[in-house]
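The values are calculated or read from the model by the stated rules, or taken from the named source; none is laboratory data. Please read these numbers as outputs of a predicted model, since none were measured by experiment. Neighbour counts run over all protein chains shown; Cβ positions are idealised from the backbone, glycine included. The area values use the complete protein model at the heavy-atom level, side chains included, leaving out ligands, DNA and RNA. Shrake-Rupley method; radii C 1.70, N 1.55, O 1.52, S 1.80 Å.
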Amino acid sequence: MEWLRARIWDDGVMATVPVAGAVGPREAFLAGRIAMAEEGSWALKDILAGAAFRVGVAPFPAGPARRVTLATTDGFGIYAGTRHPTEAWELMQFLVSPDYGRAMARASFLQPARASLVDEWIGFVRAEYPAQARDVDIAAFADGHLKGYSVIAEIFANMEDAKVIAYEAWDRILTLGRAPVDLMQDAARRIQDVQDQKQ
């Protein structure tokens with residue numbers, strides 16, 4: 001986090017909210033307000049369709065401690081009290097099948113959870129946007145998944161209070177540049193306290 005804070009507030013090489021404007025990073029990138037944006041593969045179709053310039057992709061750099069990236073926590077489950085367990089199981093088997101993974105990769109460029117489908121997904125992207133995707137390292141999106149440095153977001157029993165505490169610290173440290181990264185340690189203690197109170 002200190003590395004990120006320093007890039008934003010010491011070096012000025014990462015855009016601040018005032019520079020990007022009141023839009024998200026993808027919109028600011030497509031508008032040419034910022035030179036780089038941190039996005040996942042879920043944004044790839046929008047970016048390739050909307051960019052009026054050549055786009056490049058790279059995996060996250062390794063920080064002082066390690067290389068890490070976020071993997072979403074999407075998943076499927078069956079309600080234990082369902083009145084249709086056979087049908088639910090049949091649907092579940094389809095949702096985790098290679099056929100469904102291919103369909104989502106083809107329709108929305110959603111990166112498949114199955115590593116065995118990554119090359120096919122890249123092929124779908126290149127087929128639909130041959131000029132925009134030429135020489136673009138699309139496989140970089142799957143780097144964390146294939147090399148084992150993807151992590152999932154932490155989910156708490158009292159997520160509502162945890163978000164308020166974490167976002168407040170995040171904003172003070174990174175968005176506003178008005179606090180040292182040590183503030184996040186205090187935020188972590190406060191998040192744990194509200195979890196303990198919930199029990």
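Just want to confirm a number: the relative contact order over the chain, from Cα pairs under 8 angstrom separated by 6+ residues, in percent. Walk me through the numbers on the way to the answer.
On the way: 183 pairs, mean separation 45.3, N = 199.
Taking the mean separation of contacting Cα pairs over the length of the chain, I get 23 percent.
Going by amide H atoms built from the backbone, whose H comes under 5 Å of the H on Leu70, apart from near neighbours?
Result for Leu70 returns Val151.
Show log10 I(q)/I(0) for region 36-102 at q = 0.13 Å⁻¹, two decimals, from a solvent-free Debye sum over equal Cα scatterers.
Taken in order of the listed q values, log10 I(q)/I(0) reads -0.67.
Can you give the convex hull volume of the alpha carbon atoms of the chain per residue, in Å³?
It comes to 161 Å³ per residue, whole-number rounded.
Report the FRET efficiency, 1/(1 + (r/R0)^6), for Ala58 and Glu160, where r is their Cβ-Cβ distance and R0 is 41 Å, rounded to 0.05.
It comes to 0.70.
Rounded to a whole number, what % of the accessible area of region 89-199 do carbon and sulfur atoms account for, probe 1.4 Å? Before the final figure, lay out each step's value.
Details: 3830 of 7080 Å².
Heavy-atom surface of region 89-199 belonging to carbon and sulfur, 1.4 Å probe: 54 percent.
Heavy-atom accessible area of Asp196 with all protein chains present, probe 1.4 Å, nearest 10 Å²?
80
If you stretched the chain out fully between Val13 and Thr175, how much longer would it get, using 0.36 nm times the residue separation minus the C-alpha to C-alpha distance?
Value of the extension gain: 56.9 nm.
Compute, for region 81-141, the length of the dipole vector about the Cα centre, with Cβ point charges of +1 (Lys, Arg) and -1 (Asp, Glu) only. Units Debye, rounded to 20.
On the way: 6 positive and 8 negative charges, 17 e Å.
Around 80 debye, computed over region 81-141.
Going 7 Å from the Cα of Arg134 in the Cα-to-Cβ direction, what parts of region 37-61 have a backbone nitrogen less than 13 Å from that spot?
Residues 54-55 fall inside that zone.
In nanometres, what is the gap between the two model label sites at Met36 and Ala153, each 7 Å from Cα along Cα-to-Cβ?
Reported label-point gap for Met36 and Ala153 is 2.3 nm.
Sort out for me the Cα centre separation of region 89-108 from region 4-71, rounded to whole Å.
Region 89-108 and region 4-71 have Cα centres separated by 29 Å.
Can you give the charge dipole size of the chain about its Cα centre, rounded to the nearest 20 debye, using +1 on the beta carbon of Lys and Arg and -1 on the beta carbon of Asp and Glu?
So the dipole magnitude of the chain works out to roughly 300 debye.
Let me cross-check Val125: its accessible surface, 1.4 Å probe, with only protein heavy atoms counted, in Å² to the nearest 10?
My reading of the accessible area for Val125 is about 0 Å².
Using helices alone, what [θ] at 222 nm do you get for the chain, with -39,500 (n - 2.57) per DSSP H run of 4 or more residues, divided over all residues and rounded to the nearest 500?
-12500 deg cm²/dmol, from helical runs alone.
Per residue, how many Å² of accessible area does region 57-126 show with a 1.4 Å probe?
Here the residues of region 57-126 average 70 Å² of exposed surface.
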